[in-house]
Every structure is written in C-alpha cells, then in structure tokens.
C-alpha cells in the first residue's frame, strides 16, 4: 500500500535521509501493550429497561428523585425498579452478576463509589512493581503514581499487565468491567459472566445519574476485554485519564452518555472493534472529548480508498469545549458522521505523531456530514498561562469550564490530519474556524519511532476532501474560516474537489494544484520544499513546565483573529483584532455560550511557510 | 634615521591595526557534515521547511555521542577548551562534554581547516516530563581561545537539530508520578 510509493521516494531521495535502527520497543498508550481483537465480535443491542437478567442500584435519595420525575411509563418503570434495589454501589452490583447479558440499572442519583474509591489494597496490589506474578517486561513498565523518591513503600504502576489489571482492578479504576477470565491463555475474548453487560441509567436525562470519580482513580469506568458491553444514559466525570475507557474490546456501545471535566479524555476507545459511540455529550476535557485511538486496523493492507469496513462508528454526538473535540492517534477505520464538533481548540485531529499506538500510521477514517465549527478556544492562554492548571486537579474548576490542554493543538482549526492516509473528509459543514478549516501535513515516520527508511514518507497520502461546505453553516449563515485548506504540499494521491466556500471558491495555500481525485490527486515532486506546519516546534509543549508552555517558534497557541471575507491567503499577518477581556483569575470562568475568545493577539504566519504563492479560489477537479 | 623611525612607526601602526582588526573579529566556527551518532538504538534524518532534524530514539540515561565537523572560517587558529555551561539545558538532553580528534578535550582548529568534533549528551528527564512533549538540542556554546590571549564563547549550531520525543508514550522505564500531568 504505502510501501510502493515510499520505496520510490526513498530511492529518489536516498541522499536526503540517513537512517539506522532496529525495531523499537512496543508500548501502548500509557497502558500495557495492546493488541487488536480478532474481529469476530459484534456490536451489542440495547436490551431495554425490562431485561429479566438485571441488578438494580440506587441511592438514598433515588426515591425522591423518582418522585419528581414526570408521570409516565419511565417513572412507573423507575418506581418498580426501586422496589428491587439491593445495591448502593454500581461496582458491587456488577460483581454480583452471575450470567452474561445482564443489565445493571442505575436509578437516579450521584454515585461516588466511595467503597471502591477508598478500598484498602491488598499487599499484592500495593507492590506490583516488585511482587507481581504477571509483571510487564521492564521495558514496558510505564510510570508509577507513587514517586519512588518520596520514600513511599508502595508501588503504583500506570500500566498493569492484564492479569494484574483483573486482580487489582481498583488500583486505577473506580468501576471495572474486566471480561476475560482466562488471562493466561492466548485469547483476549470476553469469556466471563460480564460479557454483554449493560450499564444503564434509568433517569429521564443523562444527568439524572452521575458517576463522579472525583479524581480518586485514574479512570472512572474501565471496560477491559469486555465484549458486548453497553453503556447508556448517565454522566461520568472527573477522571485524570479517562471518564469512560474501553480497551481491547470487540463489541461495545456508548449511547447517550455525558463525559465532562476530565484532565484528559471523556471517552477513550483503544484497540477495540465493532464499536458505536452515539448521542454523547462530551466537554471540558484536557485532551479530547472522544478518542477512538488505535481503532482495529482493518484496512492496514487495503490499497483502495474505500475501506472494507469500519471498526468504530461515531454518530450524533456533541463534543465541545475540549482541547480537541475528537482525536485519534492511529484512529484507524473510524466512521464519524452527523456529529457536531464546536468550540474546541481544534475540532477533529487524527495523527501518526506519537509512538506506542498499534496500527500506525493512521488510515481509513471518514468524517462526513459533521458540523465542525467555531473551534477557536484558546485554553492555553486562559488556563495554562494564568496558572490555573498548576493548581491541584480538584481545584482547577474542571466542572465549571476549565480545560488544561495536555497536548499541543493549533487553536482555531477545524480538522487536522497529521500524517494520515486514505482519509475521507466529505459533505461536512466546516465554518468559523479562524485559523484553518482543515489542515493536513506529512509526519516523518521517525517521529513515531519508525526508522525503516522505506517508510519515511508513508503518511499524508491518498486523502480526499470533497463536497464540503467551507465557511457556511447549515442554515446558510456565512462564517468564514481563516483559510479553508492548509496543506504542506506533501504526499501522493491527495485531492480537494467539489468543495464550496463562503468566499466563492475555497481558499488554500497550495503551491501546486493537486489535481482531481479521479486523476490520482497529488503527485510527488522532487525538490518540492516541505512547508513547516509548526508541529516540530510545538511538540515541545509541556504544560507542567513553565519554560515550555510556549516553545520557541510555536505559534499554534496564538489566538487567530476573526477572518475577513478576503481570506487568509497572504504572507502577511491577518489583521489583528482587539483582544477580549483578560483570562479569568478564577477557574471555571469560561462562558461556554460566548463563543470563541481571543486571549491574545495572534498572527497566522507559520515559520517557513510562504503563503503568497498560494492561490485564492481553487476548485480542483 | 628619521625616515627609518617613521617607517617603523608606520609598520607598527599597520601591524597593530591589523592585529586589532583580527582581534576584533569574533571567532568564526561553523558546524557541518558529515554527521553520525552513537549511543542510541535508532536514528534518522529528515527535513521540514528549512529545518534538518536528526531524530534519535530515547534511551533513558544513555549517553548520545554526536559527531560532526567544525570549520574555522576565521584568520586565527581557534583552540576549543570546553563547553560553556548553557543557561538552560534542553528538556531531554544534558550537554556533557565536547571533544576533538582522538577524544582530545582541548583542541585547535587552524584557519580554513576542519576537524571532527564529538558532543556528548545524556538523555534524561523523561521521568519528569509531562504531556507528550519532545525535545531539541540545537547547538552548544564553546569556550575558545585565540592567539593565547583572546578568550570567547562561541555559539555553534549543530548541522542538524537533534530531537527525541514522546518518551511518555514511547519508552520511559523510569517514569514516575510526575511523568503524568501534575494534579
């Protein structure tokens, strides 16, 4: 697939690149090394509120909350379920499940799961670094929540082997659904009584049931090798890593769930297949609202633009007021459609930038019929630069709008493909993104720890962007993007075709016309300089280090100004706008309805980029 | 006799002027290829924009040896006596030493000549790195001496920007709690 083109390029540019290396260590996303399921699972279906196999969980005030519900079938069902309630803890109810396909009905209430949040660990689980019966290889040991320099006697790795994850399931997780009861065989299939588990809030709204981790554990909910799991109708919040984490799971649905106020991710699905994420509401997350990373790499060897099938479908979600609305390192075989990604720093990002993700380089995602707009939130200026993100996590105001970006993102960008292949961006409304509508650039393979010289140019190929409405809202309003399309002129087979724009013709920075999709798209041109997208400089961003919050040469964290009708295809800085009031001194000052805030004056020129050669108004094809 | 004195004064003046001119010129050192590295499992070079980057695989607490040529474009021989302590070390590297031919800690580059130079850097810091940051080492400051009496600090930009990155997710066996964002 990518290899043939890469071989040609490598041969032509042999003098450009000197590469040495051997296979690198394989570690996962701050996790044990993950592998893809074999794809024999299936997406589960919702069993409703009358599954005869069920458990009921309630709180002391559930009866009052039910009493306040609007009269009707749902209230009657809740009332009947209340009479069956035997559990105060969701995890305790899960632990009591004896048969597959059981529903755990969670009645209206707030669930902090104190028993599991504060449970004393066994000696074994307190000394996993040295005493584990199933340790990860030393080279795959990742992190420790306990600083060894502190003198603490316990060890608390971030990455546990699957057997240890199962044995010590609350080291890192408030609620754990661990499905593979035979961890020492070769299969990661779910083969336990927890397969097909459904965790269902029974309230009238997602906020009727709130699972509040309060940063007690790294993850609020973990579904690990839990094929058939179904999450529906609740809110989960305040996790350092993930509110809702699905790992190595073949068959899952996340439906009508709100995730909010997490240091990193709202929903994170990793190395999973046959997934569906729908009707969720995800906000105030320091990385992304929805992260379908390392999706099952079903199309890794597929040389065609059309995928064989998708691993995860993402539809009808709202992801907003995050650093990224959607992100996916190695977000392979993902189909995201009819979603709204708005008021983030960047709306959608997929990439091949970070090592340790199975399935790199990223390929075969499709984003269509989404609204990707108004992604201009500068959380770097508002919360990192003001010191709010230096406070203890609980004191940052995550539930009131504080977002502490973990990763660097180009503020003001609708959709970013950083080293993807065979991705389709089509039939979307992409508007009011003040830097770029979309941005695509090549990521050199060594940056993801891939040193095979034939793979140096194996990203940013065969991506199609067509039939998008740029700068136009569905209701016809004109909301210009800064520049509709930014591309570094790299890669083969890329095309932009049949897109319309608020400015008549889409604006871009292309030096060379990539040509129509049917004609094969962009070609490799020896000697064509690579535009600097800024990621090299910005990759040094480290929010925890004051000296690296604004790496030299990185302009991604400058707030772009509201674009004018003439567009941004100039090598001059855009006209500077008046700065809005300074960042709030207290956390949670975001007015989520106020739209984008420009916390600092910005310029749009990128180092090494000459946009003057670009042309206004291109319609390829 | 008088003419001889005048001539001597003129000659001295010219020599002094030339000496002042030479002394006033900053030492001119330039790094160039060929380059090589050791002390890492893997390395590759690529170009983005006007930047040439050598990516090296992070090896915790390993010592990277980066070798390149240094050319003296000035008119006086320059003796390199060591590294000048930088105000700020790169995020994932610590500059250790500089060495000339055959590992000499102090070495001289004649005018118009080039010599191979090796800079040693320790890869460290991943245990305290938050986020998925990377790090560049782009050059060194060298303590130099010319004509026995002229001492300068010369900034030398590497022929390539050394980069290692994302150890949090790549390979940081010594990572600790602080390798996660604080909180």
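The values are calculated or read from the model by the stated rules, or taken from the named source; none is laboratory data. Bear in mind that the values here come from a model prediction, so they are computed numbers and not experimental data. Note that we place each Cβ from the backbone using ideal geometry, even for glycine, and neighbour counts take in every protein chain shown.
When B:57, B:51 are screened for being touching a helix residue (DSSP H, G or I) at 6+ places or on another chain (Cβ under 9 Å), buried (at least 20 other Cβ atoms within 10 Å of the Cβ) and at the interface with chain A (Cβ under 8 Å from one of its Cβ atoms), only B:57 passes. With respect to being away from chain B (no Cβ under 14 Å), out of contact with any helix residue (DSSP H, G or I) (no Cβ under 7 Å at 6 or more places or on another chain) and either under 20 Å from residue A:435 (Cα atoms) or not in a loop (DSSP other than H, G, I, E, B) (or both), residue A:513 falls outside the description. All of A:392, A:358, A:408 fail the test of being crowded, with 22+ Cβ neighbours inside 10 Å, closer than 25 Å to residue A:31 by Cβ and within 13 Å of chain B (Cβ to nearest Cβ), apart from A:408. Among the residues of segment A:254-278, those identified as assigned to a loop (DSSP other than H, G, I, E, B) and out of contact with any helix residue (DSSP H, G or I) (no Cβ under 9 Å at 6 or more places or on another chain) are A:264, A:271, A:272. Residue count for segment B:36-48 under the criterion of being assigned to a strand (DSSP E or B), at the interface with chain A (Cβ under 9 Å from one of its Cβ atoms), out of contact with any helix residue (DSSP H, G or I) (no Cβ under 9 Å at 6 or more places or on another chain) and under 18 Å from residue B:122 (Cα atoms): the result is 2.
Looking at segment A:279-291 only, could you name the residues that are under 16 Å from residue A:221 (Cα atoms) and not in a strand (DSSP E or B)?
Scanning segment A:279-291 gives a single hit, A:280.
Scanning segment A:83-101 for residues that are in a helix (DSSP H, G or I) and closer than 23 Å to residue A:221 by Cβ yields A:90, A:91, A:92, A:93, A:94, A:95. Among the residues of segment A:439-456, is any assigned to a strand (DSSP E or B), without any contact (Cβ under 8 Å) to a residue 60 or more places away in the chain and closer than 24 Å to residue A:341 by Cβ? Yes, segment A:439-456 has at least one match.
Annotation note: of B:181, B:159, the sole residue that is within 14 Å of another protein chain (Cβ to nearest Cβ), at pLDDT 95 or above and crowded, with 17+ Cβ neighbours inside 10 Å is B:159. Restricting attention to segment A:387-416, the residues that are more than 21 Å from residue A:539 (Cα to Cα) and touching a residue at least 60 places away in the same chain (Cβ under 8 Å) total 12. For segment A:102-139, a residue qualifies if it is over 26 Å from residue A:196 (Cα atoms), in a loop (DSSP other than H, G, I, E, B) and more than 14 Å from chain B (Cβ to nearest Cβ), and the qualifying residues are A:118, A:119, A:120, A:121, A:122, A:132, A:133, A:134.
Candidates A:25, A:52, A:37: the one that is crowded, with 19+ Cβ neighbours inside 10 Å and either at pLDDT 90 or above or over 20 Å from residue A:231 (Cβ atoms) (or both) is A:37.
Any residue at all in segment B:133-154 that's assigned to a loop (DSSP other than H, G, I, E, B), within 14 Å of chain A (Cβ to nearest Cβ) and touching a residue at least 24 places away in the same chain (Cβ under 8 Å)? Looking for residues that are assigned to a loop (DSSP other than H, G, I, E, B), within 14 Å of chain A (Cβ to nearest Cβ) and touching a residue at least 24 places away in the same chain (Cβ under 8 Å), one finds at least one in segment B:133-154, hence yes. Taking the stated definitions as given, is residue A:419 crowded, with 22+ Cβ neighbours inside 10 Å, on the phi > 0 side of the Ramachandran plot and either within 14 Å of chain B (Cβ to nearest Cβ) or without any contact (Cβ under 8 Å) to a residue 60 or more places away in the chain (or both)? The answer is yes for residue A:419.
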